[in-house]
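Heads up, the thing below is written out as C-alpha cells.
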Amino acid sequence: MQHQGRHFLQIPGPSPVPDRVLRAMDMPVIDHRSAQFAELAKTVFQGSQKIFQTSGPVIIFPSSGTGAWEAAIVNTLSPGDKVLMVETGHFATLWRNMAVRWGIEVEFMPGDWRHGADPAAIEARLTQDSAHTIKAVMVVHNETSTGATSRVGEIRAALDKTGHPALLLVDTISSLGSVDYRHDEWKVDVTVSCSQKGFMLPPGLGFNAISEKARAAAKTNRMPRSYWDWEEMLKPNANGFFPYTPATNLLYGLREAIAMLLEEGLENVFARHKRLAAATRAAVNHWGLEVLCVNPAEYSPVLTAVLMPPGHDADQFRKVVLERSNMSLGSGLGKVAGKVFRIGHLGECNELTLLGALSGVEMGLAAAGVPHRSGGVEVAIKALEEKTEANSPVHLKIAKS
Ligand SMILES: *Cc1c(COP(=O)(O)O)cnc(C)c1O
C-alpha cells in the first residue's frame, strides 16, 4: 500500500531521529586526525558525561549496543569469573549468553519477565557470598522486551549494605537520555549504552562510562581484547582522537542530540517520558488490555509492552497496524514472541506523537478484531490534561515563562 505522511516509528529503538539531528549529520566527512575533529570529539566526550551524570571517562565505540556489552565484559572480567545476573527479559538473557560465551560463570537469578531486578534478592544473595566469589553484578536498567525498569539506586544500596566488592555493570541502552540515571551517584562501574534509543541517533555508536574501579580492574583482568580495549581508546581520546576511524558523522549527530537534551533539561526530559508512559497505560487499561510489567514502581517511561488477549496473535495485529496506519510497533521478543506488542514512547516523542500512535493502536485493534473497549485515546488525552504531580512537568512551566 502507498502511504502518505511520515512513517510512525513507535518501536522502543531505534527511535525516530529528529530533523535537527539529521541536518547536523548532513556534513562532509572530515579528517579524523585534524584539529577540527579533535574539537568535535572533545565536545561530545564532555557532553556525554552530562548525560551519563558522570565526571569520569565515557568511551564511544563505532558499534551497536551489543558491542558495548562486550566491551564491558572483556575489560573487567576474566575467564572463569563468577557474576550475578537477573533474568528480567530478553536483553538480560542475551547479555547472559554473551558472558557465558566469554567463559564467565553466570548465576542467573530467574525472573518472570514482568518485573525489574529485585534489590532485596540481590542483597540476600550477596550476603550469602561471604567469600566474595561474585566478581560483578550485571543488570539491565530498562528491559526493553518487557517494559520493566530495574531500580539501580537500590541495587547499589544493596551492594553497599553488604559491603560486597563486586563491580556493578548496567545496561542503559534503552534508558539513557530518557530515564533518570546517575552513573557517579550510584557508583556504577560500567554503564553500557548506545546511540539509537534515548540519544535519538541512527544506530552505530556504543558507549561505556567507566569508574576508576572498573579501569583498575581492566589493568589486571585476563581477557583477550583488542578493538574493545579501553586503554587503547583512552590514550588518543585524551587529545580528541580515536585509535581507528570513528563514526564521524554520527558524532556530529551526537553533538546536536546532546544539545537538544540539555536545552530541554534532563529533568524535563525524564518528566516528559513519565507523562507519556502514564497516558499510554491509561489508554491500555481502558482498552481492557494488560500491561506486561506488573510493578507500578518499575513501569518503563520508555515503552509499554501490552499483552494480547488469548487467541490473538500480536504479530498479526502489528501487521494490520503497519498496513493500515503506516506505523511500526515493537514485536514480542524471546519468550513473549507473538504474545505482546510494544509501544515505544521515547526520544523525539511529544503528546501529539503519542496520541497519533495510540490512535493507530486503537484503530488497529478494531481492524484486527481484537476485543477491546473503544475510547482509550480520549482517556489518554484526559491523563495528559490531569494536574497530578507526575503530570506537572517542569517543561510546561518553562514553556509558559
Ligand atoms: C536495543 C537493546 C540492546 C541491543 O542493542 P543493539 O544496538 O541492537 O546491539 C541491548 N539491551 C537493551 C536493553 C536494548 O534495548
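If you run the Gaussian network model on the chain, springs between alpha carbon atoms under 10 Å, then out of V140, V294, V361 the most flexible one is V294. Taken over the Cα atoms of the chain, the convex hull encloses 144 Å³ per residue. Note on K335: aspartates and glutamates with a C-alpha under 18 Å away, same-chain residues under 8 apart excluded, are E87, D112, E143, E290, D313, D315.
Per atom type, the chain shows carbon and sulfur on 54% of its accessible surface, probed at 1.4 Å.
Restricting to the chain, compute how many DSSP beta bridges are antiparallel as a %, nearest 5.
Working: 21 of 41 bridges.
In the chain, DSSP labels about 50 percent of beta bridges as antiparallel.
GNM remark for the chain: springs join alpha carbons under 10 Å apart, and the peak mean-square fluctuation among N142, N75, N350 falls on N350.
Taking a straight line from the alpha carbon of K319, these lysines sit under 16 Å away, with near neighbours fewer than eight places off in the same chain left out: K339. On a per residue basis, the chain carries 41 Å² of accessible surface, using protein heavy atoms and a 1.4 Å probe. Checking the cross-link pairs K50/K161; K50/K387; K42/K235; K161/K187; K135/K213; K187/K213 against a 20 Å limit on the alpha carbon distance flags K50/K161; K50/K387 as lying beyond it.
Between T220 and S34, the C-beta separation translates, for a Förster distance of 35 Å, into a calculated FRET efficiency of about 0.45. Look at where the Cα atoms of region 334-385 and of region 176-234 average out, and the two centres are 33 Å apart.
The values are calculated or read from the model by the stated rules, or taken from the named source; none is laboratory data. From a predicted model like this one, the values you see are computed outputs, not experimental measurements. Note that each Cβ is placed from the backbone with ideal geometry, even for glycine, and that neighbours are counted across all protein chains shown. Side chains included, ligands, DNA and RNA excluded: accessible areas come from the protein's heavy atoms. Shrake-Rupley method; radii C 1.70, N 1.55, O 1.52, S 1.80 Å.
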